[in-house]
Amino acid sequence: MPAALTPSAAPTAEEPAEPTAHGGRHPARSAWWRFGLLVVLLGACAGSLLLWSPTDLLSGGLAHRMPGYWFAPLFTLVYAVGTLAFVPRPALNAAAGLLLGIQQGVLLAVLGTTLGAALAFALGRGLGREALRPYLRGKVLGALDRRFTDQGFRSVLVLRLLPGLPFQAGNYGAAFSGVRFLPFLFATAIGVVPTTAVYVVAAASADQPGSAAFLVSAGVIALLVLGSLVGLWRAAAARRRAQAG
């Protein structure tokens, strides 16, 4: 048969090539769809505060509605969901101190904090990291990413001990970096103990404002606030110097 009449199996110039699993645009599009889902979920968690209050529930309602053996796990779960809804941890810790006292309050608040961090990490790593990874290649963000990847436990521990850094920002910042889950979890559980204990003790001893426990915890809270303000001032000054230079 003449070659001109032989059907060709090769695609012509007019036929668009099919996108491949790795070379097409679909993976990037899927990553941004997942990131959009993350934003929607977090917005729904924050918006749910119009319908319920974690601090009110932790401060008394939960204890009266649930059997005793369910109280500790439900308290931990409500605390964790509260962190996902961007409720400030000092408010949640104060509720734990008012309701549970010092020992049980610190224990369950630390468990709730760790569970909330684990949930946020899983959401950020599963839904947001792939979309945002290309933006971590700058000089500063790239260096932070390498530090969290190479020294995950140490970096997260320092992050948790720093005063004034928003808890949720630390969760999602770590999730978008290369830190592994277990070092993140263990560093969080250890690093949040000091600040958690301070707020729980302050709330638990608020009915005795002259007690040593209240005075010490209130003094430490004042130092944490002062440290946060100094940190913000130094960051603003560094930003102004960078812009001027």
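The values are calculated or read from the model by the stated rules, or taken from the named source; none is laboratory data. A quick note: this is a predicted structure, and the numbers were derived from the prediction, not measured. Heads up: the accessible areas ignore ligands, DNA and RNA and are worked out on the full protein's heavy atoms, side chains in. Shrake-Rupley method; radii C 1.70, N 1.55, O 1.52, S 1.80 Å.
Annotation: residue 56 carries an accessible surface of approximately 110 Å², with a 1.4 Å probe and no ligand, DNA or RNA atoms counted. Applied to segment 171-187, the Karplus parametrisation 6.51 cos²θ - 1.76 cosθ + 1.60 on θ = phi - 60° returns per-residue 3J(HN,Hα) values of 4, 6, x, 5, 5, 7, 8, x, 5, 7, 5, 5, x, 4, 5, 5, 5 Hz, with x for Gly and Pro.
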